[in-house]
Amino acid sequence: MRSLLKWLGISALLLVGGLLTPIGYVELACRPSGQAVAYESILPPEHHRPEGRTLLTYPEWHIVHAYDDYARVIRDGDPHDYRYLSSIAGFWTSLCSLSQASGPYGGFPAEFKSTVYTIGASFTLELLAKALYEETFGRVATWVRGDTRAPLDDLSAQQATEYSRFLQQVPWYRWDFGRDAAALGDVATGSFRDRERRVALGLEYGAKARYAKLIAAAVANVPPDALRLRMILRGLSAEALGAYEGVEVIALHDEGTEIETPRYRALTGLLSEMAQAGGDFVEIAGNDDILFTVTSDRSELEGAIYSFARQGYGDTRHLILLPVAELSEHLRRLDTQGLRLEHIHDY
C-alpha cells in the first residue's frame, strides 16, 4: 500500500508538472512586446471593453474550434484519427503568439490570464485522457468492429456536431450531457463496438455533467459578462441599421452612428453583413483594433499572427489583427483573396 501511494503521488506530481509546463513557457518565453498606443474613443467609458481581450477571446474559441474539428473527423472516421496532441499544442503555441502581440494593446491582464490558463489546463487534461483511451482500448474496439460503423459511432458524431454548434453562442456547462448519455442507451445494439461506446461515452458524459454542475454553481453568483456591446460605424443610415435583427440605434455622432449589437457568434454575421452593405466601422467597444480569423487553402498568410491546419477540413486557420477602420474593407475583399471568414473576436 505504501508503495502504491508513493507511485500515485509521483504520478500526480508529474501530471501537475506537465500541466504547468506550457503555462511557464508562455509566462517566460512569450512576453508581450511593444508599447501601448493611446486612443481617444468616441464611446463613453462605461461602454469600453479592454482592447487586449480581443486577443484573449481566441484561446476559448480554439477549444470551440477543436470540438468542431473533432466532430468533423469522427463524422466519417474514428476518434483515434483525431490528432489530440496537435490540438493541445495549437492552443499553447497560438496563446504564445497572442501574448507576444498583446503589448500595444495593454498586455494580458492577470485576472483574464488566469482564466485562460485554467481553461487551457482543463482542455489539455481532457484531451490527454481522451487520447490515452481512444489510442488504446478505443482503437482495439474499432479493429473488432471492422469497417462497418456501429450505430453509436454515428450517434456520437451527431452529438459532437450539435455540441460544437452550441458552444459558438452558449457556455459549455449549459449543455445537457445527461440527455446525450440517455440517448446512447436508446440507440445502442448488442454489438461489441456499441457496448464499448456506451460505456466509454457514458463515463465521459457523466463526468462532464457533474463538472458542469460544479461550474454552474460556482458562477451562479458572478455577474454575467455583457451580452451586448456598442460600436460606431458610418456608411449606413440609421433606418438601415435598425432593420438588422438584434441591432438598436443609440445616437448619431459626427464620426458615425452609435449602435448596440449582440456579441459572440451573432456579431460575426452582423459585421459581415454590414460590411457587405457598405458599412465602415469606426470603433468597436471603444477600441480601434480587433482580431478575426479566416480559413484558406494556403498554409501561410502574410500578416497573420499565427496559422495552423484545421483537422477534418483540409485547410488552414489564420489569426489576423488589424485596425477596426480597416475591418470592413478586409471583409469585402475576402472572396477575391481566397479567404473565408470564420470568426470576428470582440472583447
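The table below gives the values:
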{"item": "Residue count for region 15-59, restricted to those that are closer than 21 Å to SER87 by Cα and surrounded by fewer than 18 Cβ atoms within 10 Å (Cβ to Cβ)", "result": "11"}
{"item": "Yes/no for GLY24 being of a type outside the set (S, T, N, Q) and touching a Gly at 6+ places or on another chain (Cβ under 7 Å)", "result": "no"}
{"item": "Qualifying position, being at pLDDT 90 or above and within 20 Å of ASN287 (Cβ to Cβ), among LEU127, LEU98, LEU132, LEU152", "result": "LEU98"}
{"item": "Meets criteria (under 20 Å from the mean Cα position of the chain (by Cα), surrounded by fewer than 20 Cβ atoms within 10 Å (Cβ to Cβ), within 22 Å of HIS62 (Cα to Cα) and among the hydrophobic types (A, V, I, L, M, F, W, C)) for LEU322", "result": "yes"}
{"item": "Any chance GLY278 is in contact (Cβ under 8 Å) with a residue 40 or more places away in the chain and exposed (fewer than 15 other Cβ atoms within 10 Å of the Cβ)", "result": "yes"}
{"item": "Selected residue (only one of GLU258, GLU248 is modelled with pLDDT of 95 or more, surrounded by 17 or more Cβ atoms within 10 Å (Cβ to Cβ), outside the structural domain of ALA129 (by TED's automatic domain parsing) and under 19 Å from ILE42 (Cβ atoms))", "result": "GLU258"}
{"item": "Unique match (being among the basic types (Lys, Arg) and not in a loop (DSSP other than H, G, I, E, B)) among ARG298, ARG265", "result": "ARG265"}
{"item": "Some residue of region 58-74 being within 20 Å of GLU204 (Cβ to Cβ), free of Cβ contacts under 8 Å to residues at least 60 places away in the same chain and of a type in the set (Asp, Glu)", "result": "no"}
{"item": "PRO224, sole failed condition from (1) over 20 Å from ALA160 (Cβ atoms); (2) modelled with pLDDT of 95 or more", "result": "(2)"}
{"item": "So TYR173, is it under 30 Å from ASP346 (Cβ atoms), of a type in the set (Phe, Trp, Tyr) and at pLDDT below 95", "result": "yes"}
{"item": "Selection from region 76-87 of residues that are in a helix (DSSP H, G or I) and either of a type outside the set (Asp, Glu) or farther than 30 Å from GLN158 by Cβ (or both)", "result": "PRO79, HIS80, TYR84, LEU85, SER86, SER87"}
{"item": "ILE74 being buried (at least 20 other Cβ atoms within 10 Å of the Cβ), in contact with a helix residue (DSSP H, G or I) (Cβ under 9 Å, 6 or more places away or on another chain) and more than 23 Å from HIS318 (Cα to Cα)", "result": "yes"}
{"item": "Flag if VAL282 is at pLDDT 95 or above and within 16 Å of TYR105 (Cβ to Cβ)", "result": "no"}
{"item": "Single unsatisfied condition, LEU152 versus (1) crowded, with 19+ Cβ neighbours inside 10 Å; (2) within 19 Å of the chain's Cα centre (by Cα)", "result": "(2)"}
{"item": "Filtered residues of region 320-333 (kept if within 26 Å of SER99 (Cα to Cα) and of a type outside the set (Ser, Thr, Tyr))", "result": "ILE320, LEU321, LEU322, PRO323, VAL324, ALA325, GLU326, LEU327, HIS330, LEU331"}
{"item": "All positions within region 229-268 that are β-branched (Val, Ile, Thr) and without any contact (Cβ under 8 Å) to a residue 12 or more places away in the chain", "result": "VAL249"}
{"item": "Lone qualifier among VAL140, VAL222 - being over 30 Å from PRO59 (Cα atoms), among the β-branched types (Val, Ile, Thr) and out of contact with any helix residue (DSSP H, G or I) (no Cβ under 7 Å at 6 or more places or on another chain)", "result": "VAL140"}
{"item": "Among the candidates ALA209, ALA182, ALA216, ALA200, residue that is assigned to a helix (DSSP H, G or I), without any contact (Cβ under 8 Å) to a residue 12 or more places away in the chain and out of contact with any Pro (no Cβ under 8 Å at 6 or more places or on another chain)", "result": "ALA182"}
{"item": "Residue in region 94-111 that is under 18 Å from GLU60 (Cα atoms), among the small types (Gly, Ala, Ser), in contact with a Lys or Arg (Cβ under 8 Å, 6 or more places away or on another chain) and crowded, with 17+ Cβ neighbours inside 10 Å present", "result": "yes"}
{"item": "Search result, residues across region 112-133 that are surrounded by 18 or more Cβ atoms within 10 Å (Cβ to Cβ), over 26 Å from GLN35 (Cβ atoms) and among the aliphatic types (A, V, I, L, M)", "result": "LEU127, ALA131"}
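The values are calculated or read from the model by the stated rules, or taken from the named source; none is laboratory data. All values derive from a computational prediction rather than experimental measurement. No Cβ is skipped: glycine too gets one built from the backbone with ideal geometry, and neighbour counts run over all protein chains shown.
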